[in-house]
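Reviewing the structure listed below.
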Amino acid sequence: MIKKPFIKAWTVVASLAILFVMMCGSVNILASTAYTGMRDITSLELVNEMRVGWNLGNTLDAIGGETNWGNPKTTKEMIDKVKEMGFNTMRFPVTWGGHVGQAPDYKINKEWLDRVEEVVNYALSNDMYAIINLHHENSWLVPTYAQEKRSTEQLVKIWEQVATRFKDYGDYLIFETMNEPRVENSPNEWSGGTPENRQVINNFNLAAVNTIRSTGGNNAKRHIMIPAHAASAIDVALNDLVIPNNDDRIIISIHNYSPYFFAMDVNGTASWGSSSDRSSLAGELDALYNRFVKNGRAVVIGEFGTINKNNESDRIEHAEFFVKEAKKRGIPVIWWDNGYNEAGKGESYALLNRRSLTWYHPEIAKALIRGAGGVPEPTFTPAPEPTPDPVEDILYGDLNGDGVINSIDYNLLGRYILEVIDELPVENYTVAADLNGDGIINSNDAILLGRFILEIINEFPVDKGA
């Protein structure tokens, strides 16, 4: 959510846009953000730009092939339609296991790797963020001591090939080491796993990250998402999560279908929106903020959504609230769309009819965009607004106008971001509180203010550009 109207709008200078023609087999793909390079930005700054996304579910991750689970072959027109609605991030779940050769090389079928690259470029050519991962690999990626060695060998070989193929792509491409690593049908499958499971998952993440980094090129600095056990947000899973090498470009991947009985259980409630519902969901997001974002570690909710119970108005309310509250805490969210929409059935998360290129649930899609602060209508991106002249005599971070930057200002900023108060005491507060100069007042600015007060930094990013 854009907390207040833009004070500064990033101007996209046409003369700096470099278009590259990618060759994927015999298919020419124009990808405008494929080779933009690796910007000198933190993972927190990167995810702040991602806003809200859409999963191309049950497609590249379908066991046996792209159309094997009933969805049509992906076209650029599909991704264009997603972008036109206002989404700016695409997550591409990919199952590689059925497209590799035998040990020890586990060579990926070239046609499959080409096809994945082709589809990824549908997003990049729309100036969208793109995420690719390893999905539905639990038959061979098993987090137990007995299976760890063999699983790691295949994990490393797959990431070595994928990372090498994409190593020259810029930072609009994000890797996700795994999807929901777990031991299927085990007693603790959805309750955090065992200490053994969690330790092996840490080892998997470390092996994948080290492999990606070792391929060089832009992968040396690529932003990489990692999950805890089953990509869960429960304490027992997150308490044991280890950040590989304490790498500052690691992003925590979370899946949150909450509340379960409304979002996932076909026999559960179809109603959502009470004060208790809102407070509970906000509390879950607070927990992620306090554990990670507040301490400088970026988070992406890579999957969330609600199934169709003929309860459109409740789903709309939930969607907008979820995205809005996550945005306030610096966490982008990505809707799980698996192409299935039959009301009253499980797994009915689809928003887009991929065959007709129309929206099954346009109002839910618009609610997602509204929650993220975007324009909730299918439209092409408007021309950027010119950047206004800088405002003189602003003491950035002084939010009560007393000439001192201290914990009082920090407390005020936190209350403003969480909408406890509607404005800050100082005049021109929309400028004074925008400490990184991105035109958005959110948790990134709160982190900068805290670091300044603790004397970890001696100036704000916006000061450097003033």
Quiz prompt | Among the residues listed as A270, A287, A298, A326, the single one being over 30 Å from I243 (Cβ atoms), out of contact with any Asp or Glu (no Cβ under 6 Å at 6 or more places or on another chain) and of a type in the set (G, A, S) | solution = A270
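Conditions tested, residue by residue: (1) touching a residue at least 24 places away in the same chain (Cβ under 8 Å); (2) outside any loop (DSSP other than H, G, I, E, B); (3) in contact with a Leu (Cβ under 7 Å, 6 or more places away or on another chain); (4) in the same structural domain as G346 (by TED's automatic domain parsing).
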residue: L238; (1), (2), (3), (4): yes, yes, no, yes
residue: L241; (1), (2), (3), (4): yes, no, no, yes
residue: I251; (1), (2), (3), (4): yes, yes, no, yes
residue: N267; (1), (2), (3), (4): no, no, no, yes
residue: L281; (1), (2), (3), (4): yes, yes, no, yes
residue: L285; (1), (2), (3), (4): yes, yes, no, yes
residue: L288; (1), (2), (3), (4): yes, yes, no, yes
residue: E303; (1), (2), (3), (4): yes, yes, no, yes
residue: K309; (1), (2), (3), (4): yes, no, no, yes
Quiz prompt | Those residues of the stretch 316-353 which are small (G, A, S) and under 15 Å from the mean Cα position of the chain (by Cα), in sequence order | solution = A326, G330
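Within the stretch 440-466, which residues are more than 21 Å from the chain's Cα centre (by Cα), of a type outside the set (A, V, I, L, M) and in a helix (DSSP H, G or I)? Show your work before the answer.
Step one: filter the stretch 440-466 for residues more than 21 Å from the chain's Cα centre (by Cα), giving 448-466.
Those left that are additionally of a type outside the set (A, V, I, L, M): 450-452, 455, 458-461, 463-465.
Matches in the stretch 440-466: G450, R451, F452, P461, D463, K464, G465.
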Exercise. Kindly establish whether E66 is modelled with pLDDT of 95 or more and under 30 Å from Y340 (Cβ atoms).
Key: yes
Quiz prompt | Evaluation of E377 against (1) over 19 Å from K309 (Cβ atoms); (2) acidic (D, E); (3) at pLDDT 95 or above (one fails), failing number | solution = (3)
Exercise. Looking at (1) in contact with a strand residue (DSSP E or B) (Cβ under 9 Å, 6 or more places away or on another chain); (2) at negative phi; (3) modelled with pLDDT of 90 or more; (4) in a loop (DSSP other than H, G, I, E, B), find the lone condition where D434 falls short.
Key: (1)
Self-check item: Residues of the stretch 156-176 classified as in contact with a Ser or Thr (Cβ under 8 Å, 6 or more places away or on another chain), without any contact (Cβ under 8 Å) to a residue 60 or more places away in the chain and buried (at least 20 other Cβ atoms within 10 Å of the Cβ), total
Solution: 2
Exercise. Kindly provide the set of residues from the stretch 63-79 that are more than 12 Å from R354 (Cα to Cα) and not in a loop (DSSP other than H, G, I, E, B), ordered by number.
Key: none
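The values are calculated or read from the model by the stated rules, or taken from the named source; none is laboratory data. The model shown is predicted, which means the values in this text are computed figures rather than measured ones. FYI the Cβ positions are ideal-geometry reconstructions off the backbone, even for glycines, and counts take in every protein chain you see.
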